[in-house]
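The values are calculated or read from the model by the stated rules, or taken from the named source; none is laboratory data. Computed from a predicted model, the values in this text were never measured in an experiment. All Cβ positions, glycine included, derive from the backbone under ideal geometry; neighbour counts span all protein chains shown. Protein only, heavy atoms only, side chains kept; ligands, DNA and RNA dropped before computing areas. Shrake-Rupley method; radii C 1.70, N 1.55, O 1.52, S 1.80 Å.
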Amino acid sequence: MSAKYVLISRFPLKTNTDKTLFSSLNNSDSKKYFFSDEQGINELLELRAFSSIADIESQEGELEEAFKTFAKVLAGDVRRELVKYVEAPIDSTNDLPATEYVQLRHVEVPAENYSQYRQWRDETIFNVVRDNKDKIVSFGAYHSLISGQPGVMFISAFNGNKEAYKEAFTNERYQTIIQQAGDNYITGGNEGLYTRFYRSISGC
């Protein structure tokens, strides 16, 4: 089952950073690493799973040390946010995705519309996910608990053909859903809605 809490860390990397510098990083059940698979975005993504907020304290030193370890290749500071599990139309069998790809899908929803949004997404976005379970390994819905960029975070995991996966979220059916969301459930300006693909370090 998906972890109750996920700490998402983004390490912005300098242009042309040699990825072999990260060969010492190892994926585990509670920690996964991915490189951005988006053109123009050079970034290392780290996902850490926690069953309670208290568990984060034991890794405080390690989180601080990462900034020093990668200082020479970082283009900026580490960006972190803690998100809490809400629900999943396709739940993961693991705490974190163990797939070749993940996609982070973020949307900031007006607080007064959040309950209505939850029902709406179950009947729209989640139906698209369920209808494409042959392409999606897991799809978990989280909500920011501690974040400078608050909102809903979907963590979608899949293997294989990225274009085949993307079709379900770019076709006419989904464009209609996005239009509905924009009219009712998206706030926060340009940062209120974004999607990003990442590929596991084990697949690079």
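Here are the numbers for this structure:
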{"read-out": "Most fluctuating residue given options Tyr142, Tyr185, Tyr174, as computed from a GNM of the chain linking Cα atoms under 10 Å", "value": "Tyr174"}
{"read-out": "Solvent-accessible area, 1.4 Å probe, carbon plus sulfur percent, for the chain", "value": "45 percent"}
{"read-out": "Ile90 long-range amide H proximity, modeled H, under 5 Å", "value": "Phe139"}
{"read-out": "Selected from Lys14, Lys84, Lys166 as most flexible by GNM, with the chain as the system and alpha-carbon contacts under 10 Å", "value": "Lys166"}
{"read-out": "Lysines whose Cα lies under 26 Å from that of Lys4, excluding same-chain neighbours fewer than 8 positions away", "value": "Lys31, Lys32, Lys84, Lys133, Lys135"}
{"read-out": "Cα-based helix-to-principal-axis angle, 60-69 vs the chain, degrees rounded to 10", "value": "70 degrees"}
{"read-out": "Those aspartates and glutamates that a straight Cα-Cα span of less than 15 Å connects to Lys68, excepting residues fewer than 8 apart in one chain", "value": "Glu60, Asp77"}
{"read-out": "Given (1) 44, 36, 33; (2) 57, 38, 31; (3) 57, 38, 36, the label whose value is Cα extents along the principal axes in Å derived from this model", "value": "(1)"}
{"read-out": "Neighbour net charge for Ser144 - beta-carbon separation under 10 angstrom, K R +1, D E -1", "value": "-1"}
{"read-out": "Residue-by-residue Karplus 3J(HN,Hα) for the stretch 156-169, coefficients 6.51, -1.76, 1.60, Hz, glycine and proline x", "value": "9, 10, 7, 10, x, 6, 5, 5, 5, 5, 4, 4, 5, 10"}
{"read-out": "Acute angle (nearest 10 degrees) that the helix 114-123 long axis makes with the longest principal axis of the chain, alpha-carbon atoms", "value": "80 degrees"}
{"read-out": "Most mobile listed residue (Ser138, Ser51, Ser156) in the chain, GNM with C-alpha springs under 10 Å", "value": "Ser51"}
{"read-out": "Cα centroid separation, the stretch 117-157 to the stretch 4-45 (Å)", "value": "22 Å"}
